[in-house]
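Quick note: the coordinates plus some simple rules give every number you see, no bench work behind them. Please read all numbers here as calculations on a predicted model, not as lab measurements. So basically every Cβ, Gly included, is an ideal-geometry build from the backbone, and we count neighbours across all protein chains shown.
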Amino acid sequence: MTLPLTYKKDQCFINAYINHHNHYLDKKLRLVIGSFAINGWFEFGGKNWTKKDFAKNMTGTYTTDAHCWLEDEDGNVYDYIHEGYAFWVKFRTNKPMKFSGLVEGVSKADLLGKGIEYVPADKETQQMIFLRSLPQCRKAEKQLKDGSGWWIGDSLATVEY
């Protein structure tokens, strides 16, 4: 079973993982992990964060202060900018968010013109964060495919058999 395009708020790792293996399977996209900013305010990570910065913000089982998205071979972004960020963007930057919604194959330069910035972490840092999130992503995909899990709003509900 192939899963549909999935963009649940606060589930960027699961979204990117599922979309990479399902909806965008034929596009040969790659998972990218790093920092994400709107109007210069970093909701996830930071402009010049190092592996150490990301590591110290890895709390709980799967929690990390990082963002995960997909990119094509030209570095174009595939992601979703949730309208729910608008309040915090306005609060933090005193400027309204210029864009929300589906991002499909958009260049980082075009996104930056809309106040959206994606900053990939170095490969070693991406690997560290990815390996931490992988069990959760695999479990979510399996449960959505076999019917033991389903989305309720933006949360994944499951039944253990």
*Pull out the extension gain between His21 and Glu104, defined as 0.36 nm times the separation in residues minus the alpha carbon to alpha carbon distance; nm, one decimal.*
28.3 nm
*trypsin sites (Lys or Arg not before Pro) restricted to the range 1-50 and DSSP loop, no more than 10 other C-beta within 10 Å*: Lys28, Lys47
*What net charge do the residues around Gly34 carry, taking every other residue with its C-beta under 14 Å from that of Gly34, with Lys and Arg at +1 and Asp and Glu at -1?*
-3
*asked:* I want to verify the translational diffusion coefficient of the range 12-158 in µm²/s; compute it with Stokes-Einstein, Rh as the Kirkwood radius over Cα pairs, at 4 °C and 1.567 mPa s.
replied: 81 µm²/s
_Among Gly101, Met58, Gln126, which residue has its Cα furthest toward the positive end of the charge dipole of the chain, with +1 on Lys/Arg Cβ and -1 on Asp/Glu Cβ?_
Met58
*Taking the Cα centre of the range 1-67 as origin, sum charge times position over the Cβ atoms of Lys and Arg (+1) and Asp and Glu (-1), and report the length of that vector in debye to the nearest 20.*
180 debye
*What dipole magnitude, in Debye to the nearest 20, does the chain give about its Cα centre under +1 on Lys/Arg Cβ and -1 on Asp/Glu Cβ?*
360 debye
*asked:* Pairs of alpha-carbon atoms within less than 8 angstrom and 6+ residues apart define the contacts here; what relative contact order does the range 12-158 have, in percent?
replied: 27 percent
_Positive minus negative residues near Lys8 (Lys, Arg vs Asp, Glu; Cβ under 14 Å)_ = -4
*Order these peptides, 85-98, 124-137, 68-81, 11-24, by their mean beta-carbon neighbour count within 10 angstrom, highest first.*
11-24, 68-81, 124-137, 85-98
